[in-house]
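Have a look at the structure below, then the notes.
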Amino acid sequence: MVRVKICGITNREDALTAVEAGADAPGFIFVENTPRFVTPEQVAPVVRALPPFVTPVGVFWDHPAGHVKAVAEACGLRALQFHGDEKPEDLTGYALPVIKTIKLAPSDHLGGFPPWTGVVTERYRGCAAALLLDSAARWSEGEPRQPIEWQVARDLASRPRPGPTPPWKVILSAGLTPENVGRAIATARPYAVDVNSGVEASPGRKDPDKVWRFVAEAKRAS
């Protein structure tokens, strides 16, 4: 069963709506000067309200390790997502699972060439539990985002890795909506899907109907 992460959560109501709809992970963005920035003081009580077996994920962007660890401890995070230019050596030393974002061009900008190579992704072997494929476009402030090429995600998820190492756990993001997530999963066969602006009423506020439909379509497709 594909996992579902609802990212850009800024309040308790939206977090509980996502969980009640069947989402596996709410995402909290601790990146300053972005539309859905939250502080540990805002997030900690929301995390405490979550039921067991739900994984709160913190999103960071080139933050110092000490800052990341302090936020994770203060909020009770259970996974860390790194969205910046972090090198593999920057992602070691964490007690929580690490997700590394790989940014790709939108599907109509590939020009027939693969936007990543095994060399790029294998750099993170040993320090990342999963790779999240997202658009290289700037973060949305409410406007629709263009999807990345879903076949790229499928190729990466099925590509053999050196030795006994299993294929990457791939999390598909960028431009997903309740209307296209089923097709995206059927094509990419990802470990998980990640949505933010695609289920919003406005930046930082989720639309409950879109959240419920997105999770239902994702689970049905898997």
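The sole residue among 202, 197 that is closer than 15 Å to residue 6 by Cα and loosely packed, with under 14 Cβ neighbours inside 10 Å is 202. Filtered by the rule that a residue be farther than 16 Å from residue 206 by Cα and of a type in the set (A, V, I, L, M, F, W, C), region 1-42 gives 1, 2, 30, 31.
Table: residues versus (1) assigned to a strand (DSSP E or B); (2) over 18 Å from the mean Cα position of the chain (by Cα).
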position: 165; (1), (2): no, yes
position: 168; (1), (2): no, no
position: 178; (1), (2): no, no
position: 184; (1), (2): no, no
position: 198; (1), (2): no, no
position: 201; (1), (2): yes, yes
position: 211; (1), (2): no, no
position: 219; (1), (2): no, no
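Please go through region 64-89 and pick out each residue that is buried (at least 19 other Cβ atoms within 10 Å of the Cβ) and not hydrophobic (A, V, I, L, M, F, W, C). If the condition is that a residue be buried (at least 19 other Cβ atoms within 10 Å of the Cβ) and not hydrophobic (A, V, I, L, M, F, W, C), then 81, 83, 86 are the ones that fit.
Of the set (1) crowded, with 24+ Cβ neighbours inside 10 Å; (2) out of contact with any Leu (no Cβ under 7 Å at 6 or more places or on another chain); (3) free of Cβ contacts under 8 Å to residues at least 60 places away in the same chain, all apply to residue 172 but (2). For region 177-191, residues that are closer than 12 Å to residue 215 by Cβ and not β-branched (Val, Ile, Thr) total 2.
Here, each number is a calculation from the coordinates, and none is a lab measurement. Source: prediction; values computed, not measured. Note: ideal-geometry Cβ built from the backbone for every residue, glycine included; neighbour counts use all protein chains shown.
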